[in-house]
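Worksheet: one structure, shown below.
The values are calculated or read from the model by the stated rules, or taken from the named source; none is laboratory data. Predicted model, so just to flag it, every value in this text is computed and none were measured. So basically every Cβ, Gly included, is an ideal-geometry build from the backbone, and we count neighbours across all protein chains shown. For accessibility, only protein heavy atoms count, side chains too; no ligands or nucleic acids. Shrake-Rupley method; radii C 1.70, N 1.55, O 1.52, S 1.80 Å.
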Amino acid sequence: MAKFNEKISMRRYRIMAWIVLLLAIGIVCKAGYIMTVKRGYWTEVSDRLIADSLPVKPTRGNILSCDNQLLASSLPEYKLFVDFRAMYESKTDTLWAEKEDSICQGLHEIFPQRSVEEFREHLRKGLNKEYTDKEGNVKKGSRHWPIWAKRVNYSTYSEVKNLPIFKLNPYKGGFHFEIYNARTRPNGTLASRTIGEMYGAIDSARCGLELYYDSVLRGKEGLLNRRKVRRDYLSIMIQEPINGADIVTTLDVNIQDLAEKAVTDEMEEIGAELGVAIVMETKTGDIKALVNLSRVSDGKGGHTYREIKNNAVSDLVEPGSVFKTASILAALEDGKIDTTSRYNVDTGGGVYAMYGRQMRDHNWRRGGYGV
């Protein structure tokens, strides 16, 4: 059995102790360096990796017809951005220089309205945009540079996401997006003014049922926190969003379609500037169709008909010929006239005195209709 050598053991112990002490000193120095010299950089990283109380938008409720057909519904739309600062920080800006041509070519194929050169010039502005960090240093790269000015659907978003560099992790490739609940009407322009519209940029109701029932349709936002866990981001829901409620209208899609066609045909025939029709179910008082068509230019020298204003609801005009039907029904009911006799009515040359004032027919200047 070997004899225990105290001197050799103590020497090894001292060596291990010095190694541990030096490591501890190195850790403390490194921590101090990060806390002071690199504080600004790691604060920026922390701001990107941790986000508290982020709003979660609810899904806006649907607007339905009387037989539960969709009149208005919500679909996701995306605004696309690129984070050039993330590229500089992750050292992928050199990769951008290699892939710039293929990215611009790909964007041109997805958005043919803009040429390859226009995309290159636009993206380089974001790449070279200068900013001053918290330490006063001037650096390059926009954090939130738009790729395309308008919102796009999911299919277009997927095409852009598959381009070089954009397919990388958002904190390397820089590609990110904002999502919106876009409003769509499956029946096109049918009863468009009655259903209403949304301000796309601010996701707010503009007119019609969308505006009147906005508080019901909108719902209530939720809240979540985001944390970086390894390579993934964990969303911790604090408060679940409450989706908007659906509303069921009395409108009938088929009757609305027939009413709009009838009004359009009549306007074409007489060259009218405005046409209004209201179809009501007399037993219940439910409005089954509401048509408000105005004649507008189509930009090609011709004209078309669109719903611009809800004239049936907003305009205050004399009932006119509508009262003729009610007057005749009252006279028939009281026995003053019957359906077998003909009666003459003197219209007074288009002007009739009533309660100290003169009531004029629309053609009174031309002498009215006479007897």
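The table that follows gives values for the structure above.
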{"quantity": "Extension gain from V345 to L211, taking 0.36 nm per residue of separation minus the Cα-Cα distance", "calculated": "43.5 nm"}
{"quantity": "Separation of alpha-carbon centers, the stretch 94-168 and the stretch 295-336, rounded to whole Å", "calculated": "54 Å"}
{"quantity": "Length-normalised contact order of the chain in % [C-alpha pairs under 8 Å, at least 6 apart]", "calculated": "17 percent"}
{"quantity": "Net charge over other residues, Cβ less than 12 angstrom from the Cβ of I255 (K, R count +1; D, E count -1)", "calculated": "-4"}
{"quantity": "Separation in nanometres of the label points that stand 7 Å from Cα toward Cβ, at M237 and E135", "calculated": "4.1 nm"}
{"quantity": "The stretch 105-164: relative contact order in percent, alpha carbon pairs under 8 Å with at least 6 residues between", "calculated": "29 percent"}
{"quantity": "Nearest-10 value in Å² for the accessible area of D265, using the 1.4 Å probe", "calculated": "80 Å²"}
{"quantity": "Cα long-axis angle, helix 6-36 against the chain (0 to 90 degrees, to the nearest 10)", "calculated": "30 degrees"}
{"quantity": "Summed side-chain charge close to V116 - residues other than V116 whose Cβ falls under 14 Å, Lys, Arg +1, Asp, Glu -1", "calculated": "-2"}
{"quantity": "Angle between the chain longest axis and helix 116-128 axis [Cα atoms, degrees, rounded to 10]", "calculated": "50 degrees"}
{"quantity": "Rounded tilt (10° steps) of 39-49 against the dominant C-alpha axis of the chain", "calculated": "50 degrees"}
{"quantity": "Heavy-atom accessible area per residue - the chain, 1.4 Å, Å²", "calculated": "68 Å²"}
{"quantity": "By accessible area with a 1.4 Å probe, ligands and nucleic acids excluded, highest first: order of L190, L223", "calculated": "L223, L190"}
{"quantity": "Relative contact order (%) - criterion: Cα under 8 Å, at least six apart; region: the stretch 236-371", "calculated": "13 percent"}
{"quantity": "Cα-only radius of gyration and Dmax that characterise the stretch 208-331, units Å", "calculated": "23.5, 86"}
{"quantity": "Relative packing of peptides 99-107, 237-245, 20-28 - highest average C-beta neighbours within 10 Å first", "calculated": "99-107, 237-245, 20-28"}
{"quantity": "Sulfur and carbon atoms: percent of accessible area, the stretch 296-371 [1.4 Å]", "calculated": "54 percent"}
{"quantity": "Total formal charge among the other residues, if their Cβ is under 14 angstrom from that of A97, Lys/Arg +1 and Asp/Glu -1", "calculated": "+1"}
{"quantity": "Expected-Rg normalisation [2.2 N^0.38 Å, Cα atoms] applied to the chain", "calculated": "1.73"}
